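Quick notes on the structure that follows.
None of the figures in this text is laboratory data; all of them are computed from the coordinates on show. What you see is a predicted model, and the numbers here were worked out from it, not measured in a lab. Here the Cβ positions follow ideal geometry from the backbone for every residue, glycine too, while neighbour counts run over all protein chains shown.
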Amino acid sequence: MKNKEYQFPEGFLWGGATAATQCEGAWDVGGKGASVLDHCTNGDREHPRLITAEIDTEKYHYPSHTGCEQYDHYEEDIKLFAEAGFKTYRMSINWSRIFPNGDDMVPNQEGLDYYRKLFEKCKEYHIEPTVTMTHYDMPWNLSVKYGGWANRKVVDFFLKYAETIFTEYKGLVTRWLTHNEINFGTVSYGEIVTSGILPKSERIVMQDPNATTEDLNRRFKALHHEFVASAKAVQLAHEIDPAIEVGCMMCGFAFYPLSCKPEDVAAAQRDMEIWNYYCMDVMSKGKYPYWAKRFWDENGISLAISEEDKTILENGTVDFISFSYYRTDCSKGGDKLLEGNTDFGMPNPELEATEWGWSIDPQGLRWLMNEYYARYEKPLMIVENGIGAYEQQESDGAIHDNHRIAYMKEHFKAMAQAIEDGVDLIGYACWSAIDIVSAGTGEFKKRYGLIYVDADDLGNGTYKRSKKDSFYWYKNVISCNGKNLDE
């Protein structure tokens, strides 16, 4: 029997993804200022990452200081990406490499030059950059001095940054994403990067879910300012270069009811609303969802949304929707956060899970893509999807990661089904293109990459690059545009 041929659009953007603070390293090189995540320690499943007021390298290890040393290896890495056949490289610019303090009068020329060289190298290999402007990070000074996004002044600092990079890289970058996984700002995990750092000696990155009314107001005020900044950036980008397309970037949360009980079905609906559609409606439709007022009233949230803000949001909707997808969770009526395999919901007893307890659900991706496309009818782009696992290099240099191949294969089949359903999917970037620091735990041993990097959790190693089995498999997928997934 002949294997099924899967259909992906001509010109489909296959690629891989990283984030500057997780891969670059060189945290204080080339005129770069400290960012929020440069103050973030490593951790593991049992020990949360900390934000420290002062950088104390004798007491703590800060993973962003080394990453996978891409700052020094970017030419080698991009050459490897080209060998794999990447059509796009989804990456981020480190804001503090361009404006070290965030409120500087002029940009840092060394930072501008670094990314120009990187983008020119991508162009040499016919790889289109898909560039995130803020990926869970901002200059440390903006957080401490101004209180982060909770201060409307930061909108202006962001727009100066946006104008600088849109102008500097005109013709080299035509696909931008404003804020990475902005919907994390609706929950406590996003408080650090949206609201600023409190003046304490150290602070846990994952915040207490039992937020006070003051916490909620600060967080949702910060989110509103991010929405305004994004909408203004979209309009600015189109003015500077009509060829530019700007997308939002969401964490693809997907919730099923834990049971058929009506209260569980209602809980899943509410979770989808607050975790997904609160942010997506604003950035894609240009207005808050109809149920937002009741949500604000019930949680004591008071936002100063001006008529000018409403006009800005309406006129600055994104051109496409990008999102990450790793897993699905279950919702149960009653408590919002319950005992389970994640901090976001209940584990699904019907699904297998990764070594870190993340459920594996390829069909959930098809379902979520249809949900998003039905609601917004804008092109979709998957810019993160992958599996983190313990991996080791064999004595002959090989890295056998059949678990990653199996994971990707089933998700690609789900993507093909969604495309057949009628979803306009324009691209896919695996997380991650190369082994990098895990954002959640700060570990290096939680490996996601197609390319192995010889480094450990404390930054020790040669940082030599080696291709995993998945690298060669993905190369074949790209070469046939996803047709022969069963081979």
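What is the sum of charges around residue 391, taking Lys and Arg as +1, Asp and Glu as -1, for the other residues whose C-beta is under 12 Å from the C-beta of residue 391?
Once positives and negatives cancel, what remains is -1.
Considering only DSSP beta bridges where both residues belong to the chain, give the percentage that are antiparallel (nearest 5). Please report the intermediate quantities before stating the final value.
On the way: 11 of 46 bridges.
DSSP beta bridges in the chain are roughly 25 percent antiparallel.
Using 0.36 nm times the number of residues separating residue 106 and residue 462, minus their current alpha carbon distance, what extension gain do you get?
Numbers: separation 356, 0.36 × 356 = 128.16 nm, distance 3.63 nm.
That works out to 124.5 nm of additional length.
Which one of 295, 333, 348 is farthest out on the positive end of the charge dipole of the range 13-479, using unit charges on Cβ (Lys, Arg +1; Asp, Glu -1) and the Cα centre as origin?
Projecting each Cα onto the dipole axis, the largest value belongs to 295.
Arrange 485, 142 by Cβ neighbour counts within 10 Å, fewest through most, would you?
Ranked by crowding around the Cβ, least crowded first: 485, 142.
How big is D for the range 1-81, in µm² s⁻¹ as a whole number, if Stokes-Einstein is applied with the Kirkwood radius of its Cα pairs at 37 °C and 0.692 mPa s?
211
Show log10 I(q)/I(0) for the chain at q = 0.12 Å⁻¹, two decimals, from a solvent-free Debye sum over equal Cα scatterers.
For the requested q values the scattering log ratios are -1.09.
What FRET efficiency do you get for residue 374 and residue 123 if R0 is 45 Å and r is their Cβ-Cβ distance, rounded to the nearest 0.05?
The computed FRET efficiency comes out at 0.80.
Within 10 Å of each candidate Cβ there may be at most 16 other Cβ atoms; applying that plus a DSSP loop requirement, which trypsin sites (Lys or Arg not before Pro) in the range 89-164 survive?
In loop regions of the range 89-164 (DSSP not H, G, I, E or B), the sparsely surrounded trypsin sites (Lys or Arg not before Pro) are 152.
Select from the range 254-340 those chymotrypsin sites (Phe, Trp or Tyr not before Pro) which occupy a DSSP coil region and have at most 12 other Cβ atoms within 10 Å, ordered by residue number.
Of the chymotrypsin sites (Phe, Trp or Tyr not before Pro), the ones in loops of the range 254-340 whose Cβ has at most 12 other Cβ atoms within 10 Å are 290.
Which one of 473, 267, 317 has its Cα pushed farthest toward the positive end of the charge dipole of the range 13-479, where Lys and Arg give +1 and Asp and Glu give -1 at the Cβ?
Of 473, 267, 317, it is 317.
For the chain, what is the charge dipole size about the Cα centre, in debye to the nearest 20, if Lys and Arg each add +1 at the Cβ and Asp and Glu each add -1 at the Cβ?
Details: 51 positive and 76 negative charges, 140 e Å.
Charge dipole of the chain: 680 debye, to the nearest 20.
Cα convex hull of the range 360-487: mean projected area in nm², to one decimal?
In nm², the orientation-averaged hull projection of the range 360-487 is 8.6.
By a straight-distance test (C-alpha under 17 Å), which aspartates and glutamates pair with residue 483 as possible cross-link partners, with residues fewer than eight away in the same chain excluded?
5, 10, 410, 420, 421
Please give the FRET efficiency for residue 167 paired with residue 396, using the beta carbon to beta carbon distance and R0 = 56 Å, rounded to the nearest 0.05.
The computed FRET efficiency comes out at 0.70.
DSSP loop (so not H, G, I, E, B), at most 15 other Cβ within 10 Å: list which GluC sites (Glu not before Pro) in the range 354-387 pass both filters.
Sites meeting the loop and neighbour criteria: 355, 377.
In nm, give the distance between the simple-model label positions of residue 57 and residue 299, each being 7 Å from the Cα along the Cα-to-Cβ direction.
Label at residue 57, label at residue 299, 4.0 nm between them.
Defining a contact as two alpha carbons under 8 Å apart and six or more residues distant in sequence, what relative contact order in percent does the range 13-479 show?
Result for the range 13-479 is 17 percent.
Once you have the alpha carbon radius of gyration of the range 416-487, what is it after dividing by 2.2 N^0.38 Å, with N set to its residue count?
1.39
Rounded to the nearest 500, what is the chain's calculated 222 nm mean residue ellipticity when only DSSP H runs of at least 4 contribute -39500 (n - 2.57) each, over all residues?
-11000 deg cm²/dmol
Could you sort out which of 117/409; 117/170; 409/475; 59/445; 153/310; 170/287 sit more than 24 Å apart by Cα distance in this structure? It would help to have the intermediate numbers written out before the result.
Values: 117/409 34 Å; 117/170 14 Å; 409/475 13 Å; 59/445 21 Å; 153/310 18 Å; 170/287 29 Å.
Flagged as over cut-off: 117/409; 170/287.
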